[in-house]
Amino acid sequence: MCLICERNELSKQGENPFLIKEFKHSYFVVGDHQYFKGYSLLVLKNHVEDLTDLPSHIQAEYLAEVTRAAKALKNFYGAVRINYSCLGNFVPHVHFHLFPRYEADLVDDRTKNPWHCIEDFKNFTLSHSEASEIVGQLKGLLV
Ligand SMILES: [Zn+2]
């Protein structure tokens, strides 16, 4: 079972403190670190390795879920944009990383790729209680 499937199992059982919302095709979860405030993920429920392996109507519905989550993040955090990252190189299970970006963070370098900051992510790791607090705040926006 892949790392994401293991986490999804916790979400399914109601035991994932990082779970913000369950959508039809995905789980919206707060990220393990908050180097970028509001960093979250939209992980597909089923183990599918690539977007192209999904039927087109599910691709569209999943993208709508990604967009709904992104809107909530923009509204809640006041981010100027969301950077979307769907790579699958490390864990080949379809998921989008949503990195809220802020004017202050972009002002010096608008080309800065969030992954270039990966070395610093570990310094912004969330505890379960901090994750629960964020989850509580965001849940209300997505009823
Ligand atoms: Zn998986």
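A short reminder: the numbers here are calculations on the coordinates, not readings from a lab. Keep in mind that this is a model prediction, so the values were computed, not measured. All Cβ positions, even for glycine, are placed from backbone atoms using ideal geometry, and neighbour counts span all protein chains on display.
Could you give me the ³J(HN,Hα) list for region 86-98, computed from phi with Karplus coefficients 6.51, -1.76, 1.60 and θ = phi - 60°, whole Hz, x at Gly and Pro?
Karplus-based 3J(HN,Hα) across region 86-98 equals 10, 9, x, 6, 8, 10, x, 9, 3, 7, 10, 8, 10 Hz.
Order these by the 10 Å Cβ neighbour count, fewest first: Arg110, Arg68, Arg81.
With the sparsest Cβ surroundings first, the list reads Arg110, Arg81, Arg68.
With springs only between Cα atoms under 10 Å apart, run a GNM on the chain and tell me which of Ser129, Ser26, Ser85 wobbles the most.
With Cα springs under 10 Å in the chain, the top fluctuation among Ser129, Ser26, Ser85 is at Ser129.
In nm², what is the average projected area of the convex hull enclosing the Cα atoms of the chain?
8.7
Among Leu126, Leu10, Leu87, which comes first, second and so on when ranked by fewest other beta-carbon atoms within 10 Å?
Ascending Cβ contact count within 10 Å gives the list Leu87, Leu10, Leu126.
I need to check one value: relative contact order of region 2-143, counting alpha carbon pairs closer than 8 Å and at least 6 residues apart, in percent.
Normalised by residue count, the contact order of region 2-143 is 30 percent.
Return the long-range amide H neighbours of Val48 (sequence gap of 5 or more, or a different chain), with a cut-off of under 5 Å between placed amide H atoms.
Placed amide hydrogens put Val94 under 5 Å from Val48.
What whole-number distance in Å separates the alpha-carbon centres of region 74-143 and region 1-29?
If we compute the Cα centre of each part, the gap is 17 Å.
Using 7 Å Cα-to-Cβ label points, what is the Glu22/Lys71 separation (nm, one decimal)?
Output for this residue pair reads 2.3 nm.
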